[in-house]
Every structure is written in C-alpha cells, then in structure tokens.
1. Which value in nm describes the separation of the simple spin-label points at B:I34 and A:D230, placed 7 Å from the Cα toward the beta carbon?
2. A:D58 accessible area, nearest 10 Å², 1.4 Å probe?
3. Each label point is 7 Å from the Cα along the Cα-to-Cβ direction; what then is the distance between the points at B:Q76 and A:T119, in nm?
4. To check you understand DSSP bridge types, tell me what percent of the beta bridges within the protein assembly as shown (both residues inside) are antiparallel, rounded to 5.
5. Determine the total buried accessible area between chain A and chain B, counting protein heavy atoms only with a 1.4 Å probe; round to the nearest 100 Å².
6. Would you kindly state how much longer the chain becomes between A:M109 and A:E209 on full extension, computed as 0.36 nm times their sequence separation minus their alpha carbon distance, in nm to one decimal?
7. Sort B:88-98, A:168-178 by the packing proxy (mean of other Cβ within 10 Å over each peptide's residues), most packed first.
8. Skip the ligands, DNA and RNA, and give the accessible area per residue of the protein assembly as shown with a 1.4 Å probe, whole Å².
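The values are calculated or read from the model by the stated rules, or taken from the named source; none is laboratory data. For clarity, every value in this text was computed on a predicted model and none was experimentally measured. Every residue, glycine among them, receives a Cβ derived from its backbone with ideal geometry; neighbour counts consider all protein chains shown. Ligands, DNA and RNA are excluded from the accessible area calculation, which covers all protein heavy atoms including side chains. Shrake-Rupley method; radii C 1.70, N 1.55, O 1.52, S 1.80 Å.
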Amino acid sequence: QRARSQNIVPCTVSQLLAAEQVDETFRIHDVEISQVTIMGIVRHAEKAPTNILYKVDDMTAAPMDVRQWVDTDEAGGENVVVPPGTYVKVAGHLRSFQNKKSLVAFKIMPLENMNEFTTHILEIVNAHMILRKTHMSASRVPQSFSSAGMSDMGSYGGGGSLPVNGLTAHQSQVLNLIKNCPVPEGMSLQELKLQLHHMSMSTIKQAVEFLSSEGHIYSTVDDDHYKSTDAD
Amino acid sequence: MGDVHEVARPRIATSHLAQHIGKPVCFVGRVEKIHPTGKFFVLSDGEGKHTTVELSEPLDEEISGILEVVGRVTNQATIMCMSYVQFREDKSPFDLELYNEALKIIHEFPEYFPFG
C-alpha cells in the first residue's frame, strides 16, 4: 500500500540526500514526499537574473543547494538576497538533476526567533517517526506535521484557538476553502469573507498570513489571491 | 573555511565531547569567559557544563550571548573552532535548556535525525 504525504514535511538535509528516488518521486521511510521544510544557515548566496542560488547548511551534511526563482516582473522589493550567516527557514520542493539533489524554494524566510530552530528539530523527529509508523500501519497520514503528535480531535465548532493537527479551526477552514477552489488564480480574500461570514476580515488575513508562512498556500496574481501548495 | 563544513557535524553538549574526539562537531552554548589573549573562550551548555573553545587566530571582535561553534574535538576534549556564529536574540532570548532537551532527543533517535 503506497502512502503519499499530503503535506509539508520538516526534514534534515541528510534525510533529503538519503531520500530514494523512483522516476519523478522521492520517498522517505517509503512514504512519498514532495514539499519539505529545512532550517539552516546561509553559507553562500548568488544572484542571477532569474534566480537566487543559496547554499543552506543545517550541520547534518554538506550545505544544500536551494534555488529561488525571482519574479522578473517585480520591481525590486520581493526577492531580496538573504546574506550569508543568516539562519533561514526554507519551504520548497525536492529536485534531483544528474544525481544531485537540490531544493526549489517557494519561501525563504530569515529566522527572527532562534527558538524556532529548536522546535524544528523536534518537529523533524516527530514527523519522521509518524512517517515510519504510517508506512508500517498503512493508515491515513495526518493533515499537518507541526503539532506535537496530537490525535485528530474531530470537528471543532466556534472558538478556534485550540490547535488541531497544528492548525487552529479558523486556519483549517480557510485552508480547506482555498484547497477546494477550482479557479486558476485561486481564492480571493473577498471570496473567503463571503464564505466565512462568522470570521472578521482581520482574522481571515491573520490565518492567510500564517498559512502562507508555513508554506500551505501561496499568493498568485496579487496579495489578495491564494492557492494551496498541495497539488492534487 | 575548510573541509569541516562539507561533512556532517553532530550537535553535541559538553557530556558528548569524549565520544567525539578527533571528529567534527557543532556546539551551541553561552559565552562565559574569554581569555585575555582572545585565543580561547569558555561556553556553557544547556546543563551548565563548560566547554573550552580554541581558535587558531585570536578573536577580532566582541562575542557574547549564544554562540554556535563548528569545529573539531581535540584530544584534550576542547573544541578547535573553524567558524562560529552568534544566535540573534534581539527579538527573543534563546532557550538553551530547551535546546539541550532537543539534543537528548536527537541523540536518542538518530534514525529520525541522522548526521551524515
């Protein structure tokens, strides 16, 4: 029974290097993975016209190549090169070319709080333990790996402050609407407000900002439209 | 800055030094003392245990707070530093004790946090 991870898996560079490749897919503990996060220090940054190439080092192996495509329509601003010596969180897709693994990042963010690094270490152990058990029991893979292994508490009405599977109820509702939107340019903030009448615009915006920083969604035509990073 | 950055460098605490003699490691600790020559300094880990870090060239800047050192463990169980970085604490202080707990976990589960 082949299991596929539907979410973003926190990994070490060493785990990515050891991932098995079969055709276009990668597997860790025999579970297919695609979107991953790593955290490490930028050792090198090189800006080219269409992309920025970083080497990110998390001490588990040699630094990994991380490529971030630059939006050439963007007038300056968006893609500022992160300087070497900065600790970053990278969300992206694993790629392999001529037997060399690299990441194509859709998000690179400097860490402002180094305690996030400690949390990331713990999340990696937790996520990979779950991946291993998932493969062995062939059961459903949980929604998100950012929680401390809490079991699914089912639907949860109102409030929205207690995290279930790493996302609060508000964040889950916003994410689900975005995921199920069939329109190419994704879901707009206005659409979300229409559908989630119990949530204020500022709550929706906070949820969108969180989901975006975790790599669950990305903006498309402008900052008001979002699509899910989960390709189905 | 040399080959040590191209290989796995296990994250260790002071109590692990003896098992890593001669090997590349990564040590995170709080600056406790700096020798007047600037050629070595002492870091404390999350359990309060001290490790001496040696430099091949004297320090050319002030160091304080939390440092992450990459280097090789000497026969005397000190660390010969190849590079270091200061953890930013401008927004939040770094919880070194929590980091030490995380180290215990990754040492207990190397299959889920492999070095190399």
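1. Roughly 5.0 nm, to one decimal.
2. The accessible area of A:D58 comes to roughly 10 Å².
3. If labels sit at B:Q76 and A:T119, their model points lie 4.1 nm apart.
4. 85 percent
5. Looking at A and B, the buried total is near 2500 Å².
6. 34.7 nm
7. Highest mean packing first, the order is A:168-178, B:88-98.
8. 49 Å²
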